[in-house]
Each structure stands twice: as structure tokens, then as C-alpha cells.
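The values are calculated or read from the model by the stated rules, or taken from the named source; none is laboratory data. From a predicted model like this one, the values you see are computed outputs, not experimental measurements. Cβ placement follows ideal geometry from the backbone for every residue including glycine, while neighbour counts extend to all protein chains displayed. Surface areas here come from the heavy atoms of the whole protein model, side chains and all, with no ligands, DNA or RNA. Shrake-Rupley method; radii C 1.70, N 1.55, O 1.52, S 1.80 Å.
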Amino acid sequence: MDPVAAGRGREPGRACGRAPRAGGARRSPGAPASAQRAGGAPPPSGAQATAPRAPRTRAARRARHTSALALAAALLTSCAGGPSLEDRGAVTAAPGDRHHLIVGSAGFTESELLAQMYAALLRHAGYRADLVTVGNRELYEPALERGQIDVVPEYAATFADWLQAKAHGADARPVASPDRNATMGALRTLAVPRGLTVLAPGSAVDRNAFAVSASYAARHHLRTLSDLGRAKLPVRLAAGDECVRRPFCAPGLRKTYGIDITAVDPKGVGTTPAKQAVQNGQDQMVLTTTTDATLDRFGLVVLADDRALQNADYVVPVVNRSRAGGARAAAALGRLNTVLTTADLARLNERVDSWRRLPEDVAHDYLTGKGLLPKGR
């Protein structure tokens, strides 16, 4: 979904440069958004999976927010150090099944919705599950390796190429493709040495999309990204700050389409400020996703990716193997695969971004409506 990193993972002094935003804090209406950690013994084997869903009261949210702030501080202070991957036995240890799991979100609406659904399903299966928002992959992936985060929603093609670049450098050959099985095989090969387990994907798929204002498209006769490249227009792109170096973002737009990206305006992936910047002409194009249901509200249209710069990204849960790699967690998370579709994701995003409902409530209502959680809780 969000573009693949061009660099070798966390740059010294960079990924730890800002604290993650604590989950539970209210985001600005319409902004793609999102969400804690400790150990503990697993419940007895065969224990009934009847743990109640965490209360959705204001006091409970405040308590979760407080502990999320504590986790955010822990992530920030520990980010500079910690054992290297090669020094940890977690890579070869038996899959773990900790009772208290931390679900991470990347900070945009869809990631938060998925994280909320993962947490709810884990709670229903008997786990204690808390959430934390950790702004981007350069920060949360090392935390996932270290076991500071246990579960994150990911996108198969993007994450495969990101790990490839992290392992072999920015010029490494991409391993992702439109072939789901080939991409999943490559992703798992790269994830295993890092102590990560990639669970099964479902049918829900997402990928990056680039949108311009409808009036701009009409004025310059634009329907595709190739049209924009041929128009030789200077383009200021509203996106996440990592877009500058990720090959499926600004570098890819220049190389594949010849688009003159003059600057990246770091307003985030598909956020309300990013869309407003394109709407009012401050920027010419915004990075969003194919499941963004709010573009019409801002008068934006997607330009077709006619040269297939973006791979189709299947939604996959990725877990820390030593803490959440067992069959019980996989079964709990895998239940979402039986119901979630790409169209569902777009509708869920709309309920948060357009209807301004809380992601936690939208996620709970969806799981209840699909029969994955009991009603009345």
C-alpha cells in the first residue's frame, strides 16, 4: 500500500527522531489515522476463548491512551539501541504465544482499522491486546523485530520489496510482482531470518494511487499518469516524507512516467491536509490509495497507473514469531480473511474519513455484523 522504501531500513538518528503518536488520541476529522506492550504467560492450553472485548468507555480509552503514551516513550528511548537481529535467539526459537500482545498501526485510516480489527479478534480469542500507532515502516518494522510490537497489518508486495531493500540495499532487484503466490513466497523468505512470520493473506487488496483535482485533469486532458508525464507540468506531490526515496513514489513517478516531481510536500498519505492542498492548488497531486472513499468530496480524481508502477498489495498480518507466531494467534487473525474484501475496506475507510466515526467503533461494528464477534458487547 504505501510505497516501498529505497533505503536500507532505519537510518542512524532518523527513524528514532520523533515519538510515535499514541493510540486512542483523537485525530483531526477525516485524516487517515490510527494505536501498547508487555509480556506475560499464555493462558492454559485449551482455555476457552471468551475474553470480553475491552470496554469502549471514555475512561477505558483514557487508560489505554495513558499506557500507549508510556509505550511510545519506551519505543523512542529504546530505538537507539537494542540487540541486533543476528544476536537474538528469537529467529530459531519455537513460535511463541504470549498472552499480552501489542498491535501496531502505521497511522493512516486503513492501517488503524485493520489494527483495531486484529486487536478485537485477539481479545475475543482470549488475549490481552493493546494498540500503538508508530508513524511509518522505518520505525515500526525494527520494533516488530525486537518484539516491542507483536502484530502489524502489512501489504504483501510493498513489505516484500521493503525488506529486500533493507537486506540488500536500495538498488536490490524487486521481488514483488502481481502474482500473489510468488510475492508471498518472496516475502516469507525475507521475513523468516528477521524473526517475523507472515500469515496468510485474504482477498482484500490495496495499492497506492495518485490523484489530482478534477479541474486540473480536465484543463490538461489527463486520464493517466502517462498523460501527466507527457504534459511536462511541474508537479508538487502531497505525500509522506518517505516518498522522497521510495521507488514506487517520487523516484518511480520520475523514472517510469517522466513526471517532473519538483517537491514532496510531507502532509502524509491521503490525509485531509494533503487532499486539501491539491484541492486549493497548493500542490498538484496527492498520494492516496485505491480504497480511499473520500476523493469525490475533495473534487479529486485518480490518474490511472497505466504502466503498472504499483503492485497489487494483499493485506497480510505480520507477527513477531517468538511472541505471537503460534497457531492460536494465527487462527484468531485469520478469521478476518474469511470476510474482508477490497470493497469492504473502501466502505470502512469512508465511515471514518467521511462520516467521522471512530475507527474502533467502525471495526467493532463490522466484525459484529459479519458474525466474528458476539452482539451486545
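What's the number of the condition PRO193 fails, among (1) farther than 16 Å from ARG137 by Cβ; (2) open to solvent by less than 30 Å² (accessible area, probe 1.4 Å)?
With respect to (1) farther than 16 Å from ARG137 by Cβ; (2) open to solvent by less than 30 Å² (accessible area, probe 1.4 Å), PRO193 is out only on (2).
Among what's in the stretch 185-206 and is of a type outside the set (A, V, I, L, M, F, W, C) and part of a strand (DSSP E or B), pick the residue that is farthest from LEU237 (Cα to Cα).
Only one residue fits best here, namely THR197.
Quick grid of which residues meet (1) at pLDDT 95 or above; (2) more than 19 Å from GLY371 (Cα to Cα); (3) not in a helix (DSSP H, G or I):
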position: ALA94; (1), (2), (3): no, yes, yes
position: GLU112; (1), (2), (3): yes, yes, no
position: GLN116; (1), (2), (3): yes, no, no
position: LEU122; (1), (2), (3): yes, no, no
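Which members of the stretch 341-350 meet the condition of being under 15 Å from GLY270 (Cα atoms) and out of contact with any Leu (no Cβ under 9 Å at 6 or more places or on another chain)?
ALA346, GLU350
I'd like to check something: does the stretch 319-338 contain any residue that is under 21 Å from GLY270 (Cβ atoms) and modelled with pLDDT of 95 or more? Don't jump to the end; show me each part of the working.
Of all residues in the stretch 319-338, those under 21 Å from GLY270 (Cβ atoms) come to none.
Taking every residue of the stretch 319-338 in turn, none turns out to be under 21 Å from GLY270 (Cβ atoms) and modelled with pLDDT of 95 or more.
Out of the residues in the stretch 133-150 meeting the condition of being over 12 Å from the mean Cα position of the chain (by Cα) and not in a helix (DSSP H, G or I), tell me which one is nearest to GLY268 (Cα to Cα).
Checked the stretch 133-150; the qualifying residue nearest to GLY268 (Cα to Cα) is ILE149.
Determine the pairs where a residue that is within 13 Å of THR262 (Cβ to Cβ) and of a type in the set (A, V, I, L, M, F, W, C), located within the stretch 280-292, has a partner that is open to solvent by less than 50 Å² (accessible area, probe 1.4 Å) and assigned to a strand (DSSP E or B) with Cβ atoms under 8 Å apart, the partner being 6 or more residues away or on another chain.
MET285/PHE210; MET285/ALA211; MET285/VAL212; MET285/VAL235; MET285/LEU237; MET285/ALA238; MET285/LEU303
Inside the stretch 255-271, can you point out the residues that are assigned to a helix (DSSP H, G or I) and under 17 Å from the mean Cα position of the chain (by Cα)?
Residues satisfying the conditions do not exist here.
State which residue is nearest to VAL315 (Cα to Cα) when the search covers only the stretch 207-254 and only residues that are part of a loop (DSSP other than H, G, I, E, B) and of a type in the set (A, V, I, L, M, F, W, C).
Checked the stretch 207-254; the qualifying residue nearest to VAL315 (Cα to Cα) is PHE248.
Regarding ALA182, is this residue open to solvent by 40 Å² or more (accessible area, probe 1.4 Å), hydrophobic (A, V, I, L, M, F, W, C) and assigned to a helix (DSSP H, G or I)? Steps first, answer last, please.
Working: open to solvent by 40 Å² or more (accessible area, probe 1.4 Å): yes; hydrophobic (A, V, I, L, M, F, W, C): yes; assigned to a helix (DSSP H, G or I): yes.
Yes.
Using beta carbons and a limit of 7 Å, which pairs, at least six apart or on different chains, have the first residue in the stretch 158-178 and assigned to a loop (DSSP other than H, G, I, E, B) and the second one loosely packed, with under 14 Cβ neighbours inside 10 Å?
What qualifies is GLY169/ARG8; ALA170/ARG8.
Looking only at strands (runs of 3 or more DSSP E) that lie completely in the stretch 275-322, which have at least 3 residues being crowded, with 20+ Cβ neighbours inside 10 Å?
Values: elements: 285-289, 300-303, 313-320.
Once the strands (runs of 3 or more DSSP E) in the stretch 275-322 are filtered for at least 3 residues that are crowded, with 20+ Cβ neighbours inside 10 Å, what remains is 285-289, 313-320.
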